[in-house]
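FYI, it's all coordinate maths here, none of it is from the lab. All figures in this text were calculated on a predicted structure; none of them were measured in a lab. Because the Cβ atoms are built from the backbone with ideal geometry, glycine has one as well, and the counts that use them run over all protein chains shown.
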Amino acid sequence: MNKAFFLAGMRTPFGRAFKGAYKDVRPDDLLIHLIRGNQEKFSTLWQNDPEDIVVGCAYPEGEQGYNIGRMVAIGAGLDVPGMTVNRLCASSLEAVAISACRIRAGMGNRFLACGVESMSRIPRRGANFSESDQIKKVFPSAYVPNGQTAENVAKDYPQIDRQTQESFAGRSHELADKANASGNYANHIFPYLIERDEFIRVPVDLEKMASLKPAFADDGVVTAATSSPLTDGATCGWVVDETTWLQSGCSSALEIVDVCVSHVGPEVMGLGPVPATRQLLERNQLLVNDIAAWEINEAFAIQVLACIEDLQIPMDRVNTWGGAMAVGHPLGASGLRLLMTLHHRLAAETNNRALGIATLCVGGGQGMSVLCRWTMG
């Protein structure tokens, strides 16, 4: 079976929804600007257009609708088809998985995987969200809001108290600020309109965090500070075969070794990474300690901490450049953000052929995990 590699990842800085740099920018236009930035930086790869563009988007409607993948290909002037995929928060990670599967099966050699979300311009759950009475008869909690799922997880893990969650959120901001100051993000950020993610707050004010009211339940423990913020942003990266990578001029890449998707009850969707990761490790005969670096999407502090506890992951290997509570979470774009951060972390922190895992919880009660091997050319 052919090998598939992720490389040349790039993203916009992530902007504050409704108030930030991208609040008046259409998501399709934003992604076109990013693709043009990728063309400039990785010109060797772009000597030939990709065979397809696969775009992840959590709410593909309005300005993100009408198959945004194809529309962006046209708008960027590419001689390429295009498709859009939706697995909510894991949408762009699914775009990578689809591309990798086609390469491994011998059905192509070079794909552009992307993700985009404007939470300023497209409402969460969509403009015409409607619950099915038939589905609710089968499972009454099918449509439970994600904020409530975080409180449900908190009730199941009372040992992870509010102070612990706030400390973890503070860690995310401090590490993200340090990563920016060290230039760790510079390799994969395309500074369109802004140069830095708009959410990173330092110095961390734990007293102010402690003063916030619960966001989702009057007697709850989850606050705005321990939740990922509403975010606008775009991501992209190449998924290619080994020959294309070695001719690309890129010194290293992530081999996409395996992908697992699993599920939990919708009411505790934040625990989705646990079964997906366990399946991934078991299938590849690996232990947690075999994984040098972990990128776990920080939808909420409580769900990340619960996943870390269940999987017994060493904290010093998790999100060491900060996570979504600090840099933002533009839904359909976040999976690729995890992957490119994982790529650069493995390059900076580990030895050749070290393993990493990127994983997210997904609305509706799913989890997706991708096993990667960092490889030098």
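Structural remarks
- The distance between label points at Leu193 and Thr44 comes to 3.3 nm (points 7 Å beyond Cα on the Cα→Cβ vector).
- The chain: Cys lacking any partner C-beta under 4.7 angstrom: Cys57, Cys89, Cys101, Cys250, Cys260, Cys307, Cys361, Cys372
- Among the chymotrypsin sites (Phe, Trp or Tyr not before Pro) found in the range 124-186, those both in a DSSP coil and sparsely packed, with 14 or fewer other Cβ atoms within 10 Å of their Cβ, are Phe129.
- Taking 7 Å steps out from each Cα toward its Cβ at Ile135 and Ala217 produces label points 2.3 nm apart.
- Difference of contour (0.36 nm per residue) and Cα-Cα distance, Met83 to Asp29: 17.8 nm
- GluC sites (Glu not before Pro), loop per DSSP, at most 16 other Cβ atoms within 10 Å - longest free stretch of the chain: 196-377
- Fluctuation leader among Ala333, Ala276, Ala181 - the chain, Gaussian network, Cα springs under 10 angstrom: Ala181
- Note on the chain: with charges restricted to the Cβ of Lys and Arg (+1) and Asp and Glu (-1), its dipole about the Cα centre is near 300 debye.
- Karplus-derived HN-Hα couplings along the range 2-11 (A = 6.51, B = -1.76, C = 1.60, θ = phi - 60°), whole Hz, x at Gly and Pro: 5, 9, 10, 10, 9, 7, 6, x, 8, 9
- Computed from the Cβ-Cβ distance with R0 of 35 Å, the FRET efficiency linking Ser251 to Arg283 stands at 0.75.
- Annotation for Ala142 and Thr164: the two label points, set 7 Å from Cα along the Cα-Cβ direction, are 3.4 nm apart.
- Over the range 174-241, equivalent-ellipsoid semi-axes from the Cα gyration tensor in Å: 30, 17, 11
- Trypsin sites (Lys or Arg not before Pro) restricted to the range 1-62 and DSSP loop, no more than 15 other C-beta within 10 Å: Lys19, Lys23
- Prolate/oblate/rounded label for the chain (Cα gyration tensor, a/c 1.5): rounded
- For the range 96-224, the fraction of C-alpha pairs more than 26 angstrom apart is 54%.
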